[in-house]
Amino acid sequence: MHGLGAQLHHFRHTLFGRFGPGYRLIALDRPGSGYSERASGATGRLPEQAEIVRRFIEALGLERPLVVGHSLGGAVALTLAVEHPEAISGIALLAPLTHLEAGMREKSGLLYIPSRLRRWIMAYTMAIPTSLRYARPTMEFIFAPQVFSADYMVDGGGWLGLRPAHFYATSSDVVAVEQDLGRIERRYGEIVMPAGILFGTADRVIDVRTHGEPLRSRIERLDFESIDGVGHMPQFVEPDRVIAFIKRLATRAFSDSISNRLHDNFKEPFG
């Protein structure tokens, strides 16, 4: 699951052709992002998005997959883990948003628009021309200290984010996240499934000291990996490292899932 203002190509372009045999990989556009639409009246709140992912898993007949979430997608994955743990086998988080912090509204800039009407007006008037004007410095900031790839806007799906409906959904996500993240983060201690976090130490978008390291004492047996000097987009700049991390979590998650099923199948009739 991709992050704020992104879409499925953040995984499809960077990782899908490099995994090798034996894995089924599924990327999705969160509602309103990429090629998807957000239903009329949808709020974009974390529990709502987690429920949609649960229904997506059910509709495809997936048997407790490992869920990979980047940035805001990490917050959705964590919400799924605490509210629908029976639906998944584990979570692998890349530079995840995990905590509310002071100044989040200010950091969001023009994306924080609480009024739906003003958000719609902005989306269909000034948002895209303004985004086009600042596209390069925005990408440079998100990828820093690495340089964003020359093929990002096309193969990486960058142009998909520069559409009115996508801006509206992104702004909705920014406004909605503060309504639930504080409550969700208080439940991280409930997570007992295999879980891992991979973070770049030079991430300027989401700070590892606020959103990564505190979880080491909150989630039992957390697999925590940091990459020195890497920013917010590890799947683009360190794809092999990211793939190795996901495979490691998948081995744990599916081994635990198989063990639990065997245990349930071979229980003594009377305990």
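Among the residues of the stretch 78-88, is there at least one that is at pLDDT 95 or above, of a type in the set (S, T, N, Q) and under 21 Å from ASP155 (Cα atoms)?
no
With respect to SER89, determine if the residue is among the polar types (S, T, N, Q), within 19 Å of ILE197 (Cβ to Cβ) and in contact (Cβ under 8 Å) with a residue 40 or more places away in the chain.
Taking the combined requirement at face value, the residue satisfies it.
Is it true that some residue in the stretch 28-35 is in contact (Cβ under 8 Å) with a residue 24 or more places away in the chain, small (Gly, Ala, Ser), in contact with a Lys or Arg (Cβ under 6 Å, 6 or more places away or on another chain) and in a loop (DSSP other than H, G, I, E, B)?
Yes, the stretch 28-35 contains a residue that is in contact (Cβ under 8 Å) with a residue 24 or more places away in the chain, small (Gly, Ala, Ser), in contact with a Lys or Arg (Cβ under 6 Å, 6 or more places away or on another chain) and in a loop (DSSP other than H, G, I, E, B).
What helices (runs of 4 or more DSSP H) completely inside the stretch 49-159 contain at least 2 residues that are surrounded by fewer than 14 Cβ atoms within 10 Å (Cβ to Cβ)?
Passing ranges, in order: 104-108, 116-123, 127-133, 135-143.
Take the conditions surrounded by 15 or more Cβ atoms within 10 Å (Cβ to Cβ), in contact with a Pro (Cβ under 7 Å, 6 or more places away or on another chain) and touching a residue at least 12 places away in the same chain (Cβ under 8 Å) and apply them to LEU215. Does it pass? Walk me through how you get there before you give the answer.
Working: surrounded by 15 or more Cβ atoms within 10 Å (Cβ to Cβ): yes; in contact with a Pro (Cβ under 7 Å, 6 or more places away or on another chain): no; touching a residue at least 12 places away in the same chain (Cβ under 8 Å): yes.
Answer is no for this residue.
Considering each of VAL67, VAL53 in turn, give the residue that is closer than 20 Å to ARG252 by Cα and either hydroxyl-bearing (Ser, Thr, Tyr) or out of contact with any Asp or Glu (no Cβ under 6 Å at 6 or more places or on another chain) (or both). It would help to see each step written out before you state the result.
Details: VAL53 fails: closer than 20 Å to ARG252 by Cα.
Sole residue among the options that is closer than 20 Å to ARG252 by Cα and either hydroxyl-bearing (Ser, Thr, Tyr) or out of contact with any Asp or Glu (no Cβ under 6 Å at 6 or more places or on another chain) (or both): VAL67.
The values are calculated or read from the model by the stated rules, or taken from the named source; none is laboratory data. The shown structure was predicted, so the numbers you read here are calculated from the model rather than taken from an experiment. Cβ atoms come from the backbone with ideal geometry, glycine included; neighbour counts cover every protein chain shown.
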